[in-house]
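A short worksheet on the structure shown next.
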Amino acid sequence: MERFASVERKTNETEISLKFGVDGEGNSSIKTGVPFMTHMLDLFTKHGKFDLSVDAKGDTEVDDHHTTEDIGICLGQTLLEALGDKRGIKRYGNAFVPMDEALAQVVIDLSNRPHLEFRAEFPSQKVGTFDTELVHEFLWKFALEARMNLHVVVHYGHNTHHMIEAIFKAMGRALDEATTIDPRVKGIPSTKGLL
């Protein structure tokens, strides 16, 4: 069964159409109006071996906040829907990714209990025109809507671009592991019998 979902979200601030395939090939078609976010989503998709299509228009003349936040909401909603009852998945994923001098780790539990633990301090407040505080905003909305535990730790680094890039690559790889179907897992991967 194909694990795929799509969503359309329209507010006074943004208009987003997003399609997400868990069992993909790393293909992406991403237009966000926020160039740095487009770059990060492309990396996430490639390293997670997902398929992702995003067409987003937002009030970027104000700033990138609403667009970035709402993409996180939509991505989380499609992930949750695509996974269904999570039968047979590994559930947990962990990845370390270096990017030159930076090292990021992302650990995921697809637990149906949303939580973001974010341990990263960026040296710069901006990468290009992108406000780096929006990384936390995106990740929190993604974790909340996907109803997952998402732990993000940047162990070290001094180039902000490298640090954020390592996060998104590690998140793709950790999520790929967590969503993988393990033939040894019979039913729901929880002693409660429900996720």
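When the residues of region 11-25 are filtered to those that are within 14 Å of residue 54 (Cα to Cα) and within 15 Å of the chain's Cα centre (by Cα), which remaining residue is most open to solvent (accessible area, probe 1.4 Å)? Before the answer, list the steps.
Let us first name the residues in region 11-25 that are within 14 Å of residue 54 (Cα to Cα), namely 14-21.
Okay, now just the ones that are also within 15 Å of the chain's Cα centre (by Cα), so 18-21.
Values: 18: 1, 19: 100, 20: 2, 21: 10 Å².
Looking at residues that are within 14 Å of residue 54 (Cα to Cα) and within 15 Å of the chain's Cα centre (by Cα), I get 19.
Can you give me the number of residues within region 6-20 that are of a type in the set (S, T, N, Q) and not in a strand (DSSP E or B)?
Just the residues of region 6-20 that are of a type in the set (S, T, N, Q), to begin with: 6, 11-12, 14, 17.
Checking the rest, the ones that are also not in a strand (DSSP E or B) come to 11-12.
Residues in region 6-20 being of a type in the set (S, T, N, Q) and not in a strand (DSSP E or B): 2 in total.
Every residue in region 24-53 that is farther than 27 Å from residue 98 by Cβ and assigned to a loop (DSSP other than H, G, I, E, B), please. Answer for region 24-53, where residues must be farther than 27 Å from residue 98 by Cβ and assigned to a loop (DSSP other than H, G, I, E, B): just 33. Considering every residue within region 144-154, establish whether at least one is touching a Leu at 6+ places or on another chain (Cβ under 8 Å) and among the acidic types (Asp, Glu). Taking every residue of region 144-154 in turn, at least one turns out to be touching a Leu at 6+ places or on another chain (Cβ under 8 Å) and among the acidic types (Asp, Glu). For region 54-75, the candidate set comprises residues that are among the small types (Gly, Ala, Ser) and part of a strand (DSSP E or B); within that set, the residue that is farthest from residue 41 (Cα to Cα) is 58. When the residues of region 45-74 are filtered to those that are touching an Asp or Glu at 6+ places or on another chain (Cβ under 9 Å) and at pLDDT below 95, which remaining residue is nearest to residue 93 (Cα to Cα)? Within region 45-74, the match that is nearest to residue 93 (Cα to Cα) is 63.
Taking each residue of region 119-133 that is closer than 16 Å to residue 35 by Cα and at pLDDT 95 or above and looking for partners that are open to solvent by 80 Å² or more (accessible area, probe 1.4 Å) and of a type in the set (S, T, N, Q) with beta-carbon atoms closer than 7 Å, six or more apart or interchain, yields 131/125; 132/125. Among residues of region 27-53 that are surrounded by 19 or more Cβ atoms within 10 Å (Cβ to Cβ), those with a Cβ under 6 angstrom from a residue that is of a type in the set (D, E, K, R) and not in a helix (DSSP H, G or I), sequence gap 6+ or separate chain, pair up as 34/64. With respect to the conditions (1) within 19 Å of residue 112 (Cα to Cα); (2) under 21 Å from the mean Cα position of the chain (by Cα), residue 164 falls short on a single one, namely (1).
The values are calculated or read from the model by the stated rules, or taken from the named source; none is laboratory data. Computed from a predicted model, the values in this text were never measured in an experiment. Note that each Cβ is placed from the backbone with ideal geometry, even for glycine, and that neighbours are counted across all protein chains shown. Remember, those area values only see protein heavy atoms, side chains included, never the ligands or the DNA or RNA. Shrake-Rupley method; radii C 1.70, N 1.55, O 1.52, S 1.80 Å.
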